[in-house]
Amino acid sequence: MKVIISGDHAGMTLRNEVKSVLEELGYEYEDVGADCTASVDYPDYGIGPAERVANGEFDRGILVCGTGIGISISANKVKGIRCALVHDVFSAKATREHNDSNMLAMGERVIGPGLAREIVKTWLTTEFEGGRHLNRVNKITAYEEQCEA
């Protein structure tokens, strides 16, 4: 699995935890996030990685900002992206099983490194259940297609 990770200035520490988990699991990754603590604009770090997941260059993406809110909103503007803002392990599992999320967003100012590591492990290793959930995900995709026409 290839994973792209990104984040703004407020997500640098948690992003390092994410990289550590990816290395432990043996996943290939690219970090395209901010490399400074000076204030930057989160859309610049959410939209580009989302486009790269949507076009198939990466299987999944993980984003980190202060709360995870702004960067997840930015990523979800990209057609084909289902970015879930997650701050607990149950939601990380559910968004993979039920929503087939292809991007994960977290907030460094909201959760600590230990919890973030567990969320990432759970999200990366949980499979989409399909079944009744596939119909629901397909409705989202159909709506995106309709809006593009």
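Can you give me the number of residues within the stretch 96-133 that are of a type outside the set (Asp, Glu), over 23 Å from GLY33 (Cβ atoms) and touching an Asp or Glu at 6+ places or on another chain (Cβ under 8 Å)? Reasoning before the result, please.
Taking the stretch 96-133 as the starting set, the residues that turn out to be of a type outside the set (Asp, Glu) are 96, 98-99, 101-107, 109-117, 119-126, 128, 130-133.
Okay, now just the ones that are also over 23 Å from GLY33 (Cβ atoms), so 98-99, 126, 128, 130-133.
So of that shortlist, the ones also touching an Asp or Glu at 6+ places or on another chain (Cβ under 8 Å) come out as 98, 126, 128, 133.
The number of residues fulfilling the criteria is 4.
Report, by residue number, each residue of the stretch 101-149 that is in contact with a helix residue (DSSP H, G or I) (Cβ under 6 Å, 6 or more places away or on another chain) and among the small types (Gly, Ala, Ser).
Within the stretch 101-149, SER101, ALA105, ALA116 qualify.
Restricting the search to the stretch 81-102, which residues are in a strand (DSSP E or B) and closer than 14 Å to VAL137 by Cβ?
Once the filter is applied, which keeps residues that are in a strand (DSSP E or B) and closer than 14 Å to VAL137 by Cβ, the stretch 81-102 yields CYS83, ALA84.
Inside the stretch 98-148, can you point out the residues that are polar (S, T, N, Q) and open to solvent by 70 Å² or more (accessible area, probe 1.4 Å)?
Those that are polar (S, T, N, Q) and open to solvent by 70 Å² or more (accessible area, probe 1.4 Å): ASN99, THR125, ASN135, ASN138, GLN146.
Report, by residue number, each residue of the stretch 2-50 that is within 20 Å of GLY112 (Cβ to Cβ), assigned to a loop (DSSP other than H, G, I, E, B) and of a type in the set (Gly, Ala, Ser).
Within the stretch 2-50, just GLY33 meets the criteria.
Output yes when any residue across the stretch 2-20 is within 14 Å of the chain's Cα centre (by Cα) and open to solvent by 50 Å² or more (accessible area, probe 1.4 Å), and no when none is.
If we filter the stretch 2-20 for residues that are within 14 Å of the chain's Cα centre (by Cα), which is where we start, we get 2-8, 11, 14-15, 18-19.
Within this subset, residues satisfying the condition of being open to solvent by 50 Å² or more (accessible area, probe 1.4 Å) are 2.
Yes; the residues of the stretch 2-20 include at least one that is within 14 Å of the chain's Cα centre (by Cα) and open to solvent by 50 Å² or more (accessible area, probe 1.4 Å).
Applying the selection to the stretch 21-41, what residues are open to solvent by 60 Å² or more (accessible area, probe 1.4 Å), touching a helix residue (DSSP H, G or I) at 6+ places or on another chain (Cβ under 6 Å) and either modelled with pLDDT of 95 or more or within 17 Å of ILE111 (Cβ to Cβ) (or both)?
Within the stretch 21-41, just TYR29 meets the criteria.
Checking ASN102 against (1) polar (S, T, N, Q); (2) farther than 24 Å from PRO43 by Cα; (3) at pLDDT 95 or above, which single condition isn't satisfied?
Going through the list (1) polar (S, T, N, Q); (2) farther than 24 Å from PRO43 by Cα; (3) at pLDDT 95 or above, ASN102 breaks only (2).
Every residue in the stretch 59-80 that is in a loop (DSSP other than H, G, I, E, B) and open to solvent by 10 Å² or more (accessible area, probe 1.4 Å), please.
ASP59, THR67, ASN76, LYS77, VAL78, LYS79, GLY80
The values are calculated or read from the model by the stated rules, or taken from the named source; none is laboratory data. Just so it is clear, the model here is predicted, and its values are computed rather than measured. No Cβ is skipped: glycine too gets one built from the backbone with ideal geometry, and neighbour counts run over all protein chains shown. In case anyone asks, the SASA skips ligands and DNA or RNA and just uses the protein heavy atoms, side chains included. Shrake-Rupley method; radii C 1.70, N 1.55, O 1.52, S 1.80 Å.
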